Amino acid sequence: MSCPEGSERLYGTVKFPRFRFPDQAPTWLRHGPLRPGAFRSALHDERTASLIGTALGIAFATAFVTGMISHELQHPASWWPLPTRPVWFYRFTQGLHVASGLASIPLLLAKLWTVYPRLFAWPPLTSVLHGLERLSIFVLISGAIFELVTGLLNIVQWYPWQFYFTNAHYLVAWVTFGGLLLHVAVKAPVIVRGLSNKAAQAPEAEARQAEAEAAPGGRRGAVSRRAMLTVTGVAVGVVTVTTVGESVTSLRSVDLLAPRSPTFGPQGVPINRTAVQAQVETTALDPAWRLNVTGPRPYELSLRELSALPQYTANLPIACVEGWSVNASWQGVRVIDLLERVGAPAGAEVRVISLERSGSYATMLMPHEYAEDPLTLLALRLHGQPLSLDHGYPARIIAPARPGVLQTKWVSRIEVL
């Protein structure tokens with residue numbers, strides 16, 4: 001994109017020339033992106049960047065807020081009240097988190113295309129403040145790419161790195177969102193100007209388009225802003241519709257790009273970790289299995305004895321961090337009944353231990369909000385049938401509004417803390 005001779009614009013508090021590379025770059029550098037007329041498209045403008053940037057900011061903010069909710073539900077702070085109603089709370093927030101993150105991918109690509117010529121502005125730095133602005137943009141872009149790439153790979157459960165995904169994704173999210181807030185604050189005048197008056201900017205955009213067409217090698221009939229925004233919107237819509245069926249089961253027939261169907265799995269419910277992977281296929285099928293419940297009045301129960309206790313049904317969704325979720329009918333013994341039998345005091349926290357001996361979630365802490373909820377079950381059956389081995393036979397936890405990684409399978413012990 002080129003501008004009239006000497007054209008300048010104020011970006012925040014940093015004043016620098018707009019893409020007049022040939023006029024200021026040394027002659028020996030006037031090649032490639034620094035050559036005359038390198039950026040001829042009229043779409044590298046404030047209004048296009050502001051429109052796409054606003055949509056991207058909304059998507060990122062949505063992903064950030066829902067991601068913080070997901071993290072707190074998985075790693076609850078002692079002071080944070082944990083919601084158990086509505087029962088689909090986590091299903092909704094995590095589904096929205098994954099959907100907004102995926103929608104951010106085409107938006108980020110479009111946004112980067114509209115503004116990348118500014119990477120080649122000359123001189124590269126005009127002041128210390130300008131350098132700090134560029135550094136903040138580098139942090140924002142790097143963080144955004146890291147979040148989207150690692151989040152996408154987490155959805156398909158591929159981890160080609162050595163760091164712990166959950167912590168890294170959480171910490172970089174804070175850095176990225178901080179960079180986004182700083183960027184919005186610095187660029188607020190530009191964003192407001194770009195969004196405020198479409199009609200007033202039309203002549204300027206038309207002049208740039210005419211200049212681009214008149215330049216050597218210029219193309220007539222170049223893509224219009226409306227066409228670019230339409231294509232970007234369609235890309236966002238396609239990505240969303242073809243993946244959101246993982247959590248919105250009414251759209252599962254069109255989840256062509258989703259890594260799994262929400263109803264594909266044993267007993268019509270997906271699984272992330274099989275009994276073979278957890279190395280429990282022998283111990284879970286052992287006829288000598290007993291549930292040990294420890295507390296003021298400890299006891300143990302066989303599977304037959306558990307099945308003889310009052311059984312309850314709870315229609316609860318199971319939702320995983322990868323974005324898939326499905327509603328299911330679970331039958332089993334209420335955890336609150338097991339705690340009353342052991343003499344647990346009100347408000348007690350519970351530790352649930354799996355037959356699985358390794359992995360991050362072989363042991364799970366259950367705050368009292370879940371342990372005392374009448375819908376929280378030690379489930380023995382799924383959809384009226386005994387749990388399959390991969391779904392946690394002989395017994396598993398199912399609680400309302402809780403991440404799937406904390407719905408412990410192959411339970412062997414419940415401890416009152």
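Taken over the stretch 308-330, the criterion of being surrounded by fewer than 20 Cβ atoms within 10 Å (Cβ to Cβ) and of a type outside the set (A, V, I, L, M, F, W, C) is satisfied by Pro310, Gln311, Tyr312, Thr313, Asn315, Asn327, Ser329.
The C-beta contact set for the stretch 140-154 (first residue touching a residue at least 12 places away in the same chain (Cβ under 8 Å) and within 14 Å of Leu112 (Cβ to Cβ), second residue buried (at least 19 other Cβ atoms within 10 Å of the Cβ) and among the hydroxyl-bearing types (Ser, Thr, Tyr), distance under 8 angstrom, 6+ apart or interchain) comprises Leu140/Thr176; Gly143/Thr176; Ala144/Ser104; Ala144/Thr176; Leu148/Ser104.
Per-residue answers, yes or no, for (1) among the polar types (S, T, N, Q); (2) assigned to a loop (DSSP other than H, G, I, E, B); (3) modelled with pLDDT of 90 or more:
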residue	(1), (2), (3)
Asn167	yes, no, yes
Leu171	no, no, yes
Val186	no, no, no
Ala199	no, no, no
Gly221	no, yes, no
Gly233	no, no, yes
Val236	no, no, yes
Thr240	yes, no, yes
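Among the residues of the stretch 269-316, those identified as part of a helix (DSSP H, G or I) and small (Gly, Ala, Ser) are Ala275, Ala278, Ser307, Ala308.
Of the residues in the stretch 146-156, at least one is within 17 Å of Ala235 (Cβ to Cβ) and at pLDDT 95 or above.
Filtering the stretch 155-169 to residues that are surrounded by fewer than 18 Cβ atoms within 10 Å (Cβ to Cβ) and either touching an Asp or Glu at 6+ places or on another chain (Cβ under 9 Å) or in contact (Cβ under 8 Å) with a residue 40 or more places away in the chain (or both) leaves Val156, Gln157, Thr166.
Taking the criterion of being over 30 Å from Gly343 (Cα atoms) and either exposed (fewer than 12 other Cβ atoms within 10 Å of the Cβ) or over 35 Å from the mean Cα position of the chain (by Cα) (or both), the residues of the stretch 274-296 that qualify are Val276, Thr282.
Residues are listed down the side, and each one gets a yes or a no for (1) assigned to a strand (DSSP E or B); (2) polar (S, T, N, Q); (3) surrounded by fewer than 22 Cβ atoms within 10 Å (Cβ to Cβ):
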site	(1), (2), (3)
Gly332	yes, no, no
Pro345	no, no, yes
Ile353	yes, no, yes
Ser360	no, yes, yes
Leu365	yes, no, yes
Leu375	no, no, yes
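The rows are residues; the columns are (1) over 25 Å from the mean Cα position of the chain (by Cα); (2) crowded, with 21+ Cβ neighbours inside 10 Å; (3) not in a loop (DSSP other than H, G, I, E, B).
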| residue | (1), (2), (3) |
| --- | --- |
| Tyr90 | no, yes, yes |
| Leu96 | no, no, yes |
| Ala99 | no, yes, yes |
| Ala103 | no, yes, yes |
| Leu108 | no, no, yes |
| Trp113 | no, no, yes |
| Tyr116 | yes, no, yes |
| Trp122 | yes, no, no |
| Thr126 | yes, no, no |
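In this structure, Tyr159 does satisfy being in contact with a Phe, Trp or Tyr (Cβ under 9 Å, 6 or more places away or on another chain), modelled with pLDDT under 95 and either among the aliphatic types (A, V, I, L, M) or part of a loop (DSSP other than H, G, I, E, B) (or both).
The values are calculated or read from the model by the stated rules, or taken from the named source; none is laboratory data. Note that the structure is a prediction, hence the values are computed from the model and not measured. As a convention, Cβ positions derive from the backbone with ideal geometry for all residues, glycine included, and neighbour counts pool all protein chains shown.
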